[in-house]
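The values are calculated or read from the model by the stated rules, or taken from the named source; none is laboratory data. Only a predicted model underlies this, so the values are computations on that prediction, with no experimental measurement involved. Cβ coordinates were reconstructed from backbone atoms using ideal geometry, including for glycine residues, and neighbour counts include every protein chain displayed.
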Amino acid sequence: MPRLLIVGCGDIGSRIVARLRRRFRIFAVVSGPDGARRVREAGAVPVVCDLDRLGPPAALGGLAQRVIVLVPTSSQGKTDRRTPHLLRALFVPPAAAGRRNRPLGPGSRRFAPSAPPRLVYASTSGVYGDRRGAWTDETTPPRPGNDRAHRRLDAERRMRTSRWRAAVLRVPGIYAADRLPRARLEQAIPVPPPDQDVFTNHIHAEDLARACLAAVFRGAPARVYNVVDDTQLVLGEYLDAVADRLGLPRSPRASGEVLRAAAGPQRMSFLNESRRLRNRRMKHELRLRLTYPDIHAGLRDVVPAGEHRRDTPP
């Protein structure tokens, strides 16, 4: 049975497990016993480890022929300290690699592949920075505007230039029935007026899981793909659509100090950037046909009345 390793098995990883568990043996890296229990119940083999303090360099090496990396970067600075640890952990020594897909020891779950595994890294579209609403494809030079985006771009470069030459997915805001900004709407946090508003980009969680699988099978080495739906809305229009679906009041509009004080630093960092992502490469090269081609399709299909289990900022 083919093997898949998911590094960072949260919501998206769990959706991938649900899709592949009958056809693949899936290993999933989690940070503790609660995650291990959840992953085991979902049908994957848990691998508990601290990605910031990995032990032997080959801790994850040889577990699978395909790898999907869904973990965030380290939390400070402009360079990512976590990705070098992870790449070392995925390394299979050349002597072992020469055994060509045989077990690495009696009873071992590990294999030494004759070629590096297929690797997919989920990054963020934030690496493009502020584009003032301009259309943005994968050839647009990244210009990260904050440390978080700098760390992601650093991780991308390490992944793409490693011996695995990872395919990179640049992911915008993820939504689903349990990933909607309900609390923001209930708190009546304002958004900019229409003439000052920013374009936002979105992808449904199920379509992101499908994109990860498409990339691990069809993605080209070191290739970048924008993973985004066809929605073309500014933030206020997006929040209005969610509010209407949930039966909540629409967000008030404000600008200047009133907006900054109400939104807070984290939300303001998103309000300082505006771009529209093109997804032609995703559709043509990964051959991904979106189940939820825009926000309106997603909200119609995935928001049962009264079911809102988790909230994330847009």
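Take the conditions (1) among the basic types (K, R); (2) closer than 21 Å to I68 by Cβ; (3) out of contact with any strand residue (DSSP E or B) (no Cβ under 9 Å at 6 or more places or on another chain); R223 misses just one of them, which is (3).
How do the strands (runs of 3 or more DSSP E) wholly within the range 109-214 filter down when requiring 3 or more residues that are in contact (Cβ under 8 Å) with a residue 40 or more places away in the chain: which remain? Talk me through it step by step, then tell me what you get.
Values: elements: 118-124, 167-171, 173-175, 202-204.
Result: 118-124, 167-171, 173-175.
Taking the numbered list (1) surrounded by fewer than 22 Cβ atoms within 10 Å (Cβ to Cβ); (2) among the aliphatic types (A, V, I, L, M); (3) more than 14 Å from the chain's Cα centre (by Cα) in turn, L180 passes all entries but (1).
Residues considered: D197, D244, D207. Of these, the only one that is of a type in the set (D, E), over 21 Å from L153 (Cβ atoms) and within 19 Å of the chain's Cα centre (by Cα) is D207.
Annotation: E307 fulfils all but one of (1) of a type in the set (D, E); (2) under 26 Å from G133 (Cβ atoms); (3) at pLDDT below 95; the unmet one is (2).
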